[in-house]
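The next block holds one structure in the form of structure tokens; read it before the comments.
Bear in mind that the values in this text are calculations on the coordinates, not laboratory data. Predicted model only: the values in this text are computed from it and were never measured. Glycine also receives a Cβ, built like all others from the backbone with ideal geometry; neighbour counts cover every protein chain displayed.
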């Protein structure tokens, strides 16, 4: 996934995907103080705020206010946050037009090349950029969600096309797994981006297992099991059952950074594989990772348990995983309640005068409040809870 300051020639390191970059101090005032809104209403109110501040034609700006180096439109990664918003709001009963608008804009990123067409990192009108396996996977997830919500064949057929690209990111180097992006794939020999990554591999396992559930194509299931197993055996830290970020092909060194979303996608992939196979081992692995993620990624701040004060979109992926797992594991419902408390606190204590949420939901640091992705994450979070609670 591509942060806005990167161009296709800058070869960003995966470690730079998410970095602390606090903004200037701002006033911590709640624009809707006194209003008692449901989670469903909070999701829509956050979406409306984004329309007012970030919307640009059929697409969105990367940041509000604009940051140094911003291009005309956002990169694909934060745009997919708005695809999620469209799907979630439609599932909650809001107008179908919201979903349609997001997917219409998505086509601006589609590179309809002859070989393995997929979505590129920046709108095609802005020139050629690279094709990221994780970006394509999160797009595929939303195409799948849109298909399940609308039953329109376009979404499933496009998901098949994108999944073909995703699956091309795997080869036998380092025993398997997926590269981060196409430009640093099978011909690379060194450098920080010449590696196999937990995020691409876990997302690929999730997407292909979902595609199997929809199509019964055995090739998807074979791939999902293989890539899940590679990630589990190669990048899992056996001391805590969380996942290291990547393994470098040139040096064979493991980047031991751990992110909430890598845990999330392995939980979600394992749940899918459990549902397909009825193999209890997959569910046990999901539960073990969920327990550890709650223990390792939380700390007490302002007298409350909070998930990490940075990278809120990553954290919301973990919320989504907990919700999926909670139907099989009642303890996971407690973790969802912690997220709800975090979100409630953020609504009251971690927004600025424009209604933008701080990156740190405890309200102690604005962080990169200006980034579209961090705002889209709250539409998803409130929406997921509203669906979870049948609002």
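Points worth noting:
- Residues 194, 188 arranged by fewest to most Cβ contacts within 10 Å: 188, 194
- Three-way shape label, the stretch 117-172, alpha-carbon gyration tensor, a/c 1.5: oblate
- Ordering of 353-365, 153-165 by burial proxy (mean other Cβ atoms within 10 Å per residue, highest first): 353-365, 153-165
- With 10 Å bins beginning at zero, the pair-distance distribution over Cα atoms of the stretch 232-285 amounts to 24, 45, 25, 6 %.
- Gyration tensor verdict on the stretch 108-213 (Cα atoms; rounded if a/c is under 1.5, prolate if a/b is larger than b/c, oblate otherwise): oblate
- Counted over the stretch 239-391 with a bin width of 10 Å, the fraction of Cα pairs per bin, in whole percents, is 11, 38, 34, 14, 3, 0.
- Each helix, a run of at least 4 DSSP H residues, gives -39500 (n - 2.57); summed and divided by the residues of the chain, these come to -17000 deg cm²/dmol at 222 nm.
- Radius of gyration and Dmax over the Cα atoms of the stretch 182-251, both given in Å: 13.6, 39
- For peptides 80-93, 276-289, sequence by mean Cβ density within 10 Å, most packed first: 80-93, 276-289
- Taking the empirical scaling 2.2 N^0.38 Å for compact globular proteins as reference, the stretch 73-131 has a Cα radius of gyration ratio of 1.22.
- Taken over the alpha carbons of the stretch 297-361 as equal point scatterers, the Debye sum produces base-10 log I(q)/I(0) values at 0.12, 0.30 Å⁻¹ of -0.31, -1.36.
- Point-to-point label distance, residue 97-residue 124, nm (Cα→Cβ direction, 7 Å offset): 2.7 nm
- With the convex hull drawn over the C-alpha atoms of the chain, the volume per residue is 132 Å³.
- If R0 is taken as 30 Å, the Cβ-Cβ distance between residue 275 and residue 344 corresponds to a FRET efficiency of 0.45.
- When both the stretch 219-252 and the stretch 103-137 are represented by their alpha-carbon centers, they are found 26 Å apart.
- Normalised by the number of residues in the stretch 272-341, the mean separation of alpha-carbon contacts (under 8 Å, six or more apart) gives a relative contact order of 24 percent.
- Overall form of the stretch 39-159 per C-alpha gyration tensor (a/c, 1.5; a/b vs b/c): oblate
- Sites residue 171 and residue 107 - FRET efficiency at Förster radius 45 Å, r taken between beta-carbons, to 0.05: 0.95
- Of the peptides 341-352, 197-208, the order by per-residue mean of other Cβ atoms within 10 Å, starting with the highest, comes out as 197-208, 341-352.
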